[in-house]
Amino acid sequence: MKFFVDTAEIDQIKELNDLGMVDGVTTNPSLIMKSGRDIIEVTKEICSIVSGPVSAEVTATDAETMIAEGRKLVKIADNITVKVPLTWDGLKACKTLSGEGHMVNVTLCFSTNQAILAAKAGATFISPFVGRLDDINLDGMDLIEDIRMVYDNYGFETQVLAASIRTTNHITDCARVGADVITAPPAVIKSMINHPLTDKGLAAFLEDIKKTGQKIL
Ligand code: G3P
């Protein structure tokens, strides 16, 4: 299972990357806004830190401009993945850009049918949004499971990139149903380590070794 971090915050990317936890990065216009940085500059800096795919999202809504934006974005670095929305224009841009050999991430996926269309348009990644489906009382994980099954049925090579991951349980469930990639905010990835029995057990071990008066160094 690959871990992408869903952020444009350089320090947080570096911290997780140094731990070997970053297989790629995803950004979107909201995350760029949050960073307060210029999209080209911050994306270039991310690509200099991370060797895996770095998704940068187009801002146009018509295919022609999306393609032009995509061609500009891929010049930033070899690991740029152009992110396009799941619209007919987005799929047209996906077909053209993937045909030119570029990685494409089709985002804002909320149904299995949309995922089928993206795969047929040559998407490298499909991004179904788990949390936003949960927000409206649907089951986001059902969608991940369904897309996995359908892609496997037909041998589609598009990777299932579970997005809008909000909890550690989302990550466990994605691993169970076979998502290829999860993209999550750094805080969610970092909280995967938490367990009260680990803390309790460590405190007891430290207390006991202290009682012996022994030290290794
Ligand atoms: O990359 C897009 C996705 O991860 C957004 O997540 O929490 O804003 O629904 P969220």
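Where a number appears in this text, it was derived from the coordinates with a stated rule and is not lab data. Computed from a predicted model, the values in this text were never measured in an experiment. In this analysis, Cβ positions are derived from the backbone assuming ideal geometry, glycine residues included, and neighbour counts consider all displayed protein chains.
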Of everything in the range 134-161, what is within 14 Å of the ligand (Cβ to nearest atom) and part of a helix (DSSP H, G or I)? Give them in sequence order.
ASP134, ASP135, GLY140, LEU143, ILE144
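Please work out if THR61 is crowded, with 16+ Cβ neighbours inside 10 Å and touching a strand residue (DSSP E or B) at 6+ places or on another chain (Cβ under 9 Å). Talk me through it step by step, then tell me what you get.
Values: crowded, with 16+ Cβ neighbours inside 10 Å: no; touching a strand residue (DSSP E or B) at 6+ places or on another chain (Cβ under 9 Å): yes.
Against the criterion (crowded, with 16+ Cβ neighbours inside 10 Å and touching a strand residue (DSSP E or B) at 6+ places or on another chain (Cβ under 9 Å)), THR61 does not qualify.
Please go through the range 163-173 and give me each residue that is more than 9 Å from the ligand (Cβ to nearest atom) and touching a strand residue (DSSP E or B) at 6+ places or on another chain (Cβ under 7 Å), ordered by number.
Of the residues in the range 163-173, the ones more than 9 Å from the ligand (Cβ to nearest atom) are 167-173.
Once the filter is applied, which keeps residues that are more than 9 Å from the ligand (Cβ to nearest atom) and touching a strand residue (DSSP E or B) at 6+ places or on another chain (Cβ under 7 Å), the range 163-173 yields only ILE171.
Name the one entry in GLY122, GLY90 that is in contact with a helix residue (DSSP H, G or I) (Cβ under 9 Å, 6 or more places away or on another chain) and in a loop (DSSP other than H, G, I, E, B).
On the way: GLY90 fails: in a loop (DSSP other than H, G, I, E, B).
Among GLY122, GLY90, only GLY122 is in contact with a helix residue (DSSP H, G or I) (Cβ under 9 Å, 6 or more places away or on another chain) and in a loop (DSSP other than H, G, I, E, B).
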Here is a check on your reading of the model: is ASP89 charged (D, E, K, R), away from the ligand (no atom under 16 Å from the Cβ) and under 22 Å from PRO29 (Cα atoms)?
yes
Selection from the range 6-32 of residues that are farther than 21 Å from LEU86 by Cα and aliphatic (A, V, I, L, M):
ALA8, ILE10, ILE13, LEU16, LEU19, MET21, VAL22
Tell me which residues, restricted to the range 1-56, are surrounded by fewer than 18 Cβ atoms within 10 Å (Cβ to Cβ), within 16 Å of the ligand (Cβ to nearest atom) and either β-branched (Val, Ile, Thr) or free of Cβ contacts under 8 Å to residues at least 12 places away in the same chain (or both).
SER30, MET33
